[in-house]
Amino acid sequence: MIFKGYTETAIDELVQDPTPRHKGNFCLIIPGNQKTTVTHDINRSFPLFWYHDQQILTNLQLDNSHTAVYADRYVSLDSSLTYHQTFFNCYGSVDQLPITVEDCVDQLSCLLEQKIQNLKLDLPIKLFLSGGLDTGLLGALANKSNIDYERIHYEHFDYDKFTYKNITNIKKKYWAYSQIHHWNQPSVLLSGSCGDEFFLRGPATTALWLAWHNIDINNLISLSPDAYHYHYFSKSENKKIFQSSWEQRLDIQSQYTYNELIQKLLNMLINDHQHWHLGETVTFTPFKDLEITKLLLQLPKEVLVQQMLHGYVNRKLIEKIDPNTIQSVNKYKNYNSLEIFS
């Protein structure tokens, strides 16, 4: 078998039952006489593509002739290289009982602290504090759990045989590879990947949720120049996303009940692949977890709006876990992001 990444369960258990149901960030290839199975954690971080004519299963998009393997299924190939997919429930149950901010923060902090405490990779651990809420929260978690990590103040990318050949094309298809660190010595990178999205601060899901609730985010942003997302949400490409959903809000409201809206959001998130392990660098991505999103969706509407504008819940988490770390967060997202080093 071939394994890459990290998991919170024993690999032998995954071999016995490859149904994705465990947390972590991994890929496991299980060879056999009758079939070879490719399985992964329940919130798969990487895409998969099946090319029928070439009989190739890969996470690299070669051309547009592929069949996308969505995140609610895992794949096996039999001895004749016939492709089979097995569906599973990657969403879990969704509780819509209202919760308070305090309850939400308590549950999220327990969830995230357990994740970082379960990171038992005996490798150098590195964290680049970008000035964003997500790497700030990672720093708070690492400090609270006494994780021995190197706080790096530089951008670093080692090339190897794979990256020389593929990194240019990967950057074109996955924006996160344009800002990732990579070491050719075994390392762990604490990554804020998926934080915007799974904490409901990403433009696409934010636009849909707000439009369903008759909230004009472009108007809100124009009235909130001190909002953490002011400059980010004011970008022309993001304003277009918001405007499109706002103009289609009546169609969105008629198309989705609230339960269906939640399922739509979860489906968008689980299939939004950003980056995964590269070469000798394992990326620790604790925010790639639908349980985070489901907890946030139990909050009152007005609190979620503050989360979308200011990262309100993220700030409460940092204050609870390690309040000193809030100093590493810039006033605005992705705006003069290196000011924390000045």
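Just a few scattered comments:
- ASN89 being assigned to a loop (DSSP other than H, G, I, E, B) and not charged (D, E, K, R): yes
- Test: residue in the range 265-276 that is over 25 Å from LEU119 (Cα atoms) and surrounded by 18 or more Cβ atoms within 10 Å (Cβ to Cβ): yes
- Selection count where residues are aromatic (Phe, Trp, Tyr) and within 28 Å of LYS120 (Cβ to Cβ), scope the range 280-313: 2
- Considering the range 1-53, and only residues there that are out of contact with any helix residue (DSSP H, G or I) (no Cβ under 7 Å at 6 or more places or on another chain), aliphatic (A, V, I, L, M) and crowded, with 19+ Cβ neighbours inside 10 Å, the residue that is nearest to ASP272 (Cα to Cα) turns out to be LEU48.
- Selected residue (only one of LYS288, LYS331, LYS294 is basic (Lys, Arg), surrounded by 19 or more Cβ atoms within 10 Å (Cβ to Cβ) and farther than 23 Å from ILE215 by Cα): LYS288
- Qualifying position, being closer than 30 Å to LEU141 by Cα, assigned by TED's automatic domain parsing to the domain that holds LYS126 and modelled with pLDDT of 95 or more, among ILE262, ILE180: ILE262
- The numbered conditions (1) of a type in the set (S, T, N, Q); (2) within 20 Å of SER191 (Cβ to Cβ); (3) part of a loop (DSSP other than H, G, I, E, B) are all true for THR283 except (3).
- Residue check, ILE170 in contact with a Phe, Trp or Tyr (Cβ under 9 Å, 6 or more places away or on another chain), assigned to a helix (DSSP H, G or I), more than 24 Å from ASN334 (Cα to Cα) and not aromatic (Phe, Trp, Tyr): no
- Residue in the range 127-136 that is surrounded by fewer than 19 Cβ atoms within 10 Å (Cβ to Cβ), touching a residue at least 40 places away in the same chain (Cβ under 8 Å) and more than 26 Å from GLU8 (Cα to Cα) present: no
- All of GLU302, GLU291, GLU319 fail the test of being closer than 21 Å to ASP95 by Cα, acidic (Asp, Glu) and either outside any helix (DSSP H, G or I) or free of Cβ contacts under 8 Å to residues at least 12 places away in the same chain (or both), apart from GLU302.
- In the range 203-262, the residues that are of a type in the set (A, V, I, L, M), part of a helix (DSSP H, G or I) and over 24 Å from VAL94 (Cβ atoms): LEU220, ILE221, ILE241, LEU250
Yes or no, residue by residue, for (1) surrounded by 17 or more Cβ atoms within 10 Å (Cβ to Cβ); (2) more than 30 Å from LEU123 (Cβ to Cβ); (3) without any contact (Cβ under 8 Å) to a residue 12 or more places away in the chain:
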residue	(1), (2), (3)
TYR159	no, no, no
LYS172	no, no, yes
SER178	no, no, yes
SER193	yes, no, no
ASP196	yes, no, no
PRO203	yes, yes, no
LYS235	no, yes, yes
ILE241	yes, yes, no
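The values are calculated or read from the model by the stated rules, or taken from the named source; none is laboratory data. As the structure is a computational prediction, the values presented were derived from the model and not from experiment. Note that we place each Cβ from the backbone using ideal geometry, even for glycine, and neighbour counts take in every protein chain shown.
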